[in-house]
Amino acid sequence: MQARAVAEAAERFAGGVVEATNRANLQIRGITGSHPAMLEGLLAAGLGPRSSGGDDVRNLMLSPSAGIDPQMLFDTRPLAAQILDSLQGRERLHELSAKFAVLLDGGEALAMHEHAHDLWLAALQLDGDIWLGFGLAGCPGQALAAVPLHQGHDLVMAVLERFLDLASPEQTRMRHVLEQVSAEDFIAPLAVTLRLGPFPVRKAGSDCLGTYPQHQAGKVFVGAAPALGRLDPPMLRGLARVAEQYGDGTLRLTPWQSVILPHVVDAPALTLQLQALGLLCSASQPLARLIACTGSDGCKKGLADTKADARLLATLLPTAQAVHLSGCTRSCAAAHVAPATLLATSAGHYDLYLRDAGQPGFGALRARNLDLHAASELLARLPTEQHHD
Ligand code: SF4
């Protein structure tokens, strides 16, 4: 199982620290030197590209509940497999930047709508049929136009080819090209059946800790999070074991640094096992709502030990609140702006920002240079609407 291969690689070739990322990946931290045997082990477990050129272009995000979500309009996985196959197989597409990101949303209740994507597609119902609405360079909201579902693969290929036709070598992202060509002119020549929008795309949720009904009758999926996105080899092996024992043996990573175990029948027994592994299974636990970057413990840029400080903050907050602790302005732990951000100023001290649509970056500066006790007191006094993502 892939989780066991990652556990072994982290143990044998690094310090044993594995982090869940906000792109629904795992990263092994602290690898020293190059280790061909490590890569061989991971590739043998199917955790790599088919060809070396194909690695960078697999940046396709699906809902973590793809194919099992009761709200989905269609199962995105076969279309995603077809797109990934073309991304790996068509040499020209290897010119795309590693950061070029595509989102395919099947209408599931769970979806990451806060990350900006170069191309996003979202299932829509138009006149009783399923279409794929899409937009360029941004987050799902209003679809620019739509294509019939069966043309989804052709649309993605046509958009990628047109991007490569128009982009200069320095223009690596869709937003760069759209500075010169309007979105309407970009899509006008695409060889697909276009229905012009705008079409509204429904808002998706992001809370997936706990037990949720599945599309498949009698089955549920269970979401759990390692505290602050950090796993270790025993936890990964434990997850592999309980996935086999209670589910179908698969684990799905989410962009909220958590994991979903699908096809479960006995959720209460599984939840006890997950808790015994040290995983958080309820969003009402303060630690489950906190995110923190690597911080000064593992990053030279970090001005404070954000992960240790987050653990302390969790014990000080009276209720669960969505707070992001960042060791510097790079904001590695969050691609979106959290309702509240603590930006490190020195060890154990932070500036507090509150999300404000009218202000760039982390939002409005609320207080400077707070220690964690002062920060928790101020956070606890915020109105509840500022607690939620
Ligand atoms: S946000 Fe800054 S301190 Fe934190 S991991 Fe990123 S670069 Fe390092």
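The values are calculated or read from the model by the stated rules, or taken from the named source; none is laboratory data. Keep in mind that what you see is a predicted model, and the values were worked out from it rather than measured. Cβ placement follows ideal geometry from the backbone for every residue including glycine, while neighbour counts extend to all protein chains displayed. We work out accessible area using only protein heavy atoms, side chains counted, and drop any ligands, DNA or RNA first. Shrake-Rupley method; radii C 1.70, N 1.55, O 1.52, S 1.80 Å.
Annotations for the structure displayed:
- Test for Gln171: is it farther than 26 Å from Gly128 by Cβ and without any contact (Cβ under 8 Å) to a residue 12 or more places away in the chain: yes
- Residue identified as assigned by TED's automatic domain parsing to the domain that holds Ala374 and open to solvent by less than 50 Å² (accessible area, probe 1.4 Å) among Leu239, Leu261, Leu317: Leu317
- Hits in the stretch 275-296 - residues which are open to solvent by 10 Å² or more (accessible area, probe 1.4 Å), part of a helix (DSSP H, G or I) and either within 10 Å of the ligand (Cβ to nearest atom) or of a type in the set (Lys, Arg) (or both): Arg289, Ser296
For (1) closer than 16 Å to Val159 by Cβ; (2) open to solvent by 50 Å² or more (accessible area, probe 1.4 Å); (3) out of contact with any Cys (no Cβ under 9 Å at 6 or more places or on another chain), each residue gets a yes or a no:
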| site | (1), (2), (3) |
| --- | --- |
| Ala66 | no, no, yes |
| Gln71 | no, yes, yes |
| Phe74 | no, no, yes |
| Leu84 | yes, yes, yes |
| Leu87 | yes, no, yes |
| Arg90 | yes, yes, yes |
| Gly107 | no, no, yes |
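- Those residues of the stretch 35-94 which are more than 24 Å from Ala3 (Cα to Cα), assigned by TED's automatic domain parsing to the domain that holds Glu161 and assigned to a helix (DSSP H, G or I), in sequence order: Leu79, Gln82, Ile83, Ser86, Leu87, Gly89, Glu91, Arg92, Leu93, His94
- Subset of the stretch 185-204 [in contact with a Lys or Arg (Cβ under 9 Å, 6 or more places away or on another chain) and part of a loop (DSSP other than H, G, I, E, B)]: Pro189, Leu190
- Evaluation of Ala304 against the conditions (1) surrounded by 19 or more Cβ atoms within 10 Å (Cβ to Cβ); (2) away from the ligand (no atom under 16 Å from the Cβ) shows that the sole unmet condition is (2).
- Of the listed requirements (1) open to solvent by 20 Å² or more (accessible area, probe 1.4 Å); (2) in contact with a Gly (Cβ under 8 Å, 6 or more places away or on another chain), His150 misses just one: (2).
- Ala347 vs. criteria farther than 30 Å from Tyr212 by Cβ and surrounded by fewer than 16 Cβ atoms within 10 Å (Cβ to Cβ): yes
- Only strands (runs of 3 or more DSSP E) whose full extent lies in the stretch 310-372 are considered here, and the ones with at least 3 residues that are within 12 Å of the ligand (Cβ to nearest atom) are 323-326, 340-346.
- Residue tally, condition in contact with a Leu (Cβ under 7 Å, 6 or more places away or on another chain) and part of a strand (DSSP E or B), over the stretch 218-235: 6
- Failed item in (1) open to solvent by 30 Å² or more (accessible area, probe 1.4 Å); (2) closer than 21 Å to His115 by Cβ, with Val177 passing the rest: (1)
- Restricting Ala10, Ala37, Ala44, Ala14 to those that are more than 29 Å from Ser331 (Cβ to Cβ), open to solvent by less than 70 Å² (accessible area, probe 1.4 Å) and more than 18 Å from the chain's Cα centre (by Cα) reduces the list to Ala37.
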